[in-house]
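Below: one structure, written as structure tokens.
The values are calculated or read from the model by the stated rules, or taken from the named source; none is laboratory data. Because the structure is predicted, anything quoted here is derived from the model rather than measured. Note that we place each Cβ from the backbone using ideal geometry, even for glycine, and neighbour counts take in every protein chain shown. The accessibility values were calculated without ligands, DNA or RNA, using every heavy atom of the protein model including side chains. Shrake-Rupley method; radii C 1.70, N 1.55, O 1.52, S 1.80 Å.
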Amino acid sequence: MNDQLIKKTLSSAKVIAMVGVRSVKKENSTNIIRRPSIIVMNYLQEFCYKVIPVNPFSVGKKINGETFVEKMGHITDSIDIVYVFRPS
């Protein structure tokens, strides 16, 4: 993939589905700032992307103003990019 194609993709994209974003655990809510998926989600939202969090264990919860969905098939918006986070 060349730089021009990457630039074109990112400049035309509006909606990003982010698979694997984790919600805040009630007993340990201070860790939210350090989670890589949350850092990336915040960063993308600062640049005006709509980021839809996808995680079957957090359905209905909200993070950064967006509601978790169970799976990508439940997203009603047209998705431009899919970003996947996995445990190491």
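If the Cβ limit is 6 Å and pairs must be 6+ apart or interchain, which residue in segment 41-69 that is modelled with pLDDT of 90 or more pairs with which residue that is basic (Lys, Arg) and open to solvent by 60 Å² or more (accessible area, probe 1.4 Å)?
Phe68/Lys61
Looking at segment 73-84, which of the residues that are assigned to a loop (DSSP other than H, G, I, E, B), farther than 19 Å from Glu46 by Cα and not aliphatic (A, V, I, L, M) is least open to solvent (accessible area, probe 1.4 Å)?
Asp77
Regarding Ser23, is this residue of a type in the set (Ser, Thr, Tyr), surrounded by 10 or more Cβ atoms within 10 Å (Cβ to Cβ) and modelled with pLDDT under 95?
Judged against the criteria, Ser23 is a match.
Specify the residue that is surrounded by the most Cβ atoms within 10 Å (Cβ to Cβ); the eligible residues are those in segment 52-72 that are in contact with a strand residue (DSSP E or B) (Cβ under 6 Å, 6 or more places away or on another chain) and farther than 10 Å from Arg22 by Cα.
Ile52
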